[in-house]
Structure formats: structure tokens, C-alpha cells
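To keep things clear, I will list the structure first and then write my remarks on it.
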Amino acid sequence: MEITFTGKRALVTGAGKGIGRATALALARGGAEVTAVTRTQADLETLVRECPSVKPVCVDLADWDATERALKDVGPIDLLVNNAGCAMLQPFLEITQDSFDKSFDVNVKAALHVTQIVARGMKARGSGGSIVNISSQASHRAFKDHAVYCATKGALDMLTKVMALELAPYQIRVNSVNPTVVMTDMAKIGWSDPAKANTMISRIPMGKFAEVEDVVHAILFLLSDKSAMTNGAFLPIDGGFLAC
């Protein structure tokens, strides 16, 4: 099954590293005009060196007004990937107001706001579009020290459903992918302890973590016309973890 994005304009948040960066590069290779959004200028600079056709936008999406200013002239967008996110892990009794607010600002509010900006343009043009939110298996399962993270991803999943319901009349589809641990450079550090890793892997029927490409391929499918009747869906990329 060949998927191409020639003539499409895509926006990817959290595009400086990991899944977001790989998605931005894959979309560009597939023919899309890509706008890459992240808060770290150095990451954008290396991304543009790797793929000069990418349009960089540096902004902290937790800042509502700054996001509005940064994206108001971004131009028409056909495809959106809400990938920006953070994980601030704390035992439940030690959760702080700051970590709670920051997590919801980035993981939920930013996805809502960026989608509002992009979807208004999609609606006005009448050409439809496709939006993919990057959620997690943590929206469906409880994990120690993940109370706030789990709550944000649960909220994002429900936001995905409501977006799908309200935007579908304009032929705008909204779906999410829900990965297990994905072996980004950061995750390789966090899960390098075999004892910790094996505890999680033992709960995954396929006996391994996901690779970045596993998630990117799912995102590309949901963005493409190959999934034209898929709307409001959660796609686990978890080797069967949620099936247990």
C-alpha cells in the first residue's frame, strides 16, 4: 500500500525530537509541505539542516497567546499531528500544582488550541483534513507515579472523540495513536535498567517495546486517504498490551 502526501500541507508539533521529528521527516519524504513546531530552537536548526524544505516555528505551546501569534500566519494546513507532550512523573501524594498545570497545558490544552487554529482554516476552505493526536496506553491503564500523565492522556482521548464528532460534518477526521513505551533516545535512557524494562515487557504479549517507526507508520496511515472512514478511533501501538 503506497501512501503519498504530494500537494498536502502538514503541521507537526513537538517536531524537534523522537516521534514528532520522525513524523515530520516522513511527511516531507512523502511529498508534503511540512511546518515543524517545537519550543527548542536548536532542535529546529538541526531538523532544517537535515530537511531544508521544512518550515520551522519555535514556540512554547503551553503559552496560549504566544501560540496564537506564532501560528496565525502559518497558512492553510491539511494534516495536523498533535505530538507535543511532557511526562512529569511523581508519586500521587507528592504531585504539585505546577507539575499538574504544566502537564495539562502541554498534553491537553495545547492540542485543543492548535487544533482550533488549524481546523478553523480547514472548515473555512471546505477541503476537509486529517488530525492525529499522540496519546498513550496510559490513557487506558494505571501506572505507578503516572497519575497526572494518565489523566492527561485520558483527557486527550476524550478530546479526540469530541473533536471527531464536531468536526466530521466538515470532513475533518480526528484519531489518536496510543503507543506503549517507544524507544526514542530519551526512552532508551529511561528504560535502560533491565529490571525496570523487563517488568513492562513481560506485560506485552509481543515481548518488546515499540520502535519510533512503528508509531510513525500508524500516524501516516491515519493521516492518509487510506483511512478515509476512520474517525474518532484509538489505535494502540502496544504489541497487545491493552488486549490483556
Worksheet item: So what does the Cα-only Debye profile of region 143-213 read at q = 0.15, 0.18 Å⁻¹, as log10 I(q)/I(0), no solvent term?
Response: -0.68, -0.85
Worksheet item: So which DSSP H runs in the chain come out at 18 Å plus along the axis (Cα) with average Kyte-Doolittle of at least -1.0?
Response: 110-125, 147-167
Practice prompt. Sorted from largest down, give the three principal axis spans of the alpha carbons of region 7-148, whole angstrom values.
Written response: 50, 34, 28
Response to the item:
Expected sort for THR13, THR46 with the fewest Cβ neighbours (10 Å cutoff) up front is THR46, THR13
Discussion item. Two decimals, Cα atoms only, Kirkwood Rh: what is Rg/Rh over the chain?
Written reply: 0.95
Worksheet item: If each of MET186 and LYS55 carries a label point 7 Å out from its Cα toward its Cβ, how far apart are those two points in nm?
Response: 2.6
Fill in: Residues listed by number, region 164-189, amide nitrogen under 18 Å from CYS86 label point at 7 Å toward C-beta
186-187
Worksheet, complete the sentence: Helix-only [θ] at 222 nm, the chain, -39500 (n - 2.57) per DSSP H run of 4+, per residue, nearest 500, equals -12500 deg cm²/dmol
Worksheet item: Could you work out Rg/(2.2 N^0.38 Å) for region 83-162, with Rg from alpha carbons only?
Response: 1.23
Discussion item. If the elastic network links every pair of Cα atoms under 10 Å, which of PRO56, PRO179, PRO205 fluctuates the most in the Gaussian network model of the chain?
Written reply: PRO205
Worksheet entry | Filter on LYS72/LYS188; LYS153/LYS208; LYS123/LYS153; LYS55/LYS196; LYS17/LYS109 - keep pairs with C-alpha separation over 32 Å | LYS72/LYS188; LYS55/LYS196
Item to complete: Any chance you could check the Cα centroid distance between region 1-72 and region 104-129 for me, in angstrom?
Response: 15
Response to the item:
Expected max-MSF residue from ASP225, ASP73, ASP43 in the GNM of the chain (alpha carbon, under 10 Å) is ASP73
Discussion item. With a 10 Å cut-off between alpha carbons and a GNM built on the chain, which of PHE100, PHE92, PHE221 moves the most?
Written reply: PHE92
Worksheet item: So, counting K/R as plus one and D/E as minus one, what does the shell of residues with Cβ under 14 Å around PHE92 add up to?
Response: -1
Discussion item. I'm checking a number: the convex hull volume of the Cα atoms of region 112-237, normalised per residue, in Å³. What is it?
Written reply: 114
Discussion item. Would any residue of region 90-116 have its amide N under 20 Å from a label point 7 Å out along Cα→Cβ of GLU166? List them or say none.
Written reply: 104-116
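We did not get these values from a lab; they are worked out from the coordinates using the rules stated. It should be emphasised that the depicted structure is a prediction, and the values quoted were computed from it without experimental measurement. In this analysis, Cβ positions are derived from the backbone assuming ideal geometry, glycine residues included, and neighbour counts consider all displayed protein chains.
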